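These notes are about the structure you will find just below.
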Amino acid sequence: MRNRLASNRGVICFSSSWENPVLWSHYGDSHKGVALGFDVRDEFLADVVYEPERLTVNDITQLSDNQKFNLVEKAFRTKFMHWKYESELRLFTSLTEERDGQFFMELGEDLQLKEVILGANSAVERNEIENAWGGSQDLEIVTARLAFKSFKVVKQLNPAFQR
């Protein structure tokens, strides 16, 4: 069942917040990358459940098809508890949009790009994002920085340091 699902379904992973500096260290190339902020319809998102132990089942052959599906669905939404800092949400989608061996979900009403957050050490400039985006829709472009008094990444409000 897992292999059958993996052959035609994909997962897009989101975080509910971009303020965690560990996310930027792990996924943002030590604050040199960018984060993308999306509006996604809530009914498309599944919360990740963080558990201290792996899921176990004694005999999957004794489960009904519905129970097997529920088990696989739960497995796709479960991660080890030490990943909880990610505050992850997942969107399960069909693999239909392929380009050069990579799969994509088209932007549209169900998935809208609303924000680009430039990492504190990013070399990307605001005008590069604006030129790539083409102005077809409102897009907020934010420069991030480390917070002064907490372990957070926040918006850079000082115009002298914005890109």
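No value in this document is a laboratory result; all are computed from the given coordinates. What you are looking at is a predicted structure, and each value in this text was computed from that prediction instead of being measured. Neighbour counts run over all protein chains shown; Cβ positions are idealised from the backbone, glycine included.
Before moving on, here are some points about what is shown:
- Net lengthening on full extension, residue 71/residue 57 (0.36 nm per residue, minus Cα-Cα): 4.2 nm
- Overall shape: oblate for the range 1-107, with the ratio a/c of the largest to smallest alpha carbon gyration tensor axis at 1.5 or above and b/c at least equal to a/b.
- Database remark: amide H of residue 37 closer than 5 angstrom to the amide H of 114, 115, 116, 117 (H placed geometrically; neighbours at sequence offset of 5 or more, or on other chains; Pro and chain starts carry no H).
- The charge dipole of the chain, taken about its Cα centre with unit charges on the Cβ of Lys, Arg, Asp and Glu (plus for the first two, minus for the last two), comes to roughly 640 debye.
- In this structure, the amide hydrogen of residue 95, modeled 1.01 Å from its nitrogen in the peptide plane, lies closer than 5 angstrom to those of 9, 10, counting only residues at least 5 positions away or on a different chain.
- Straight-line cross-link reach from residue 84 at under 12 Å between alpha-carbon atoms covers these aspartates and glutamates, not counting any fewer than eight positions away in the same chain: 47, 51.
- Along the range 43-51 the Karplus relation, 6.51 cos²θ - 1.76 cosθ + 1.60 evaluated at θ = phi - 60°, assigns HN-Hα couplings of 5, 8, 9, 10, 5, 7, 9, 9, 10 Hz to successive residues, with x for each Gly and Pro.
- Along the axis of the charge dipole computed for the chain (Cβ charges of +1 for Lys and Arg, -1 for Asp and Glu, origin at the Cα centre), the listed residues 111, 72, 31 are led at the positive end by 31.
- Taking a ≥ b ≥ c as the square roots of the eigenvalues of the Cα gyration tensor, an a/c ratio of 1.5 or more together with a/b no larger than b/c marks the range 84-163 as oblate.
- Per-residue 3J(HN,Hα) values for the range 69-76, derived from phi via the Karplus relation 6.51 cos²θ - 1.76 cosθ + 1.60 with θ = phi - 60°, read 4, 4, 5, 5, 4, 5, 4, 5 Hz in sequence order (x marks Gly and Pro).
- Expected 222 nm ellipticity per residue - DSSP helices of 4 or more, -39500 (n - 2.57), all of the chain, to 500: -5500 deg cm²/dmol
- By other beta-carbon atoms within 10 Å, ranking 148, 69 with the fewest at the front produces 148, 69.
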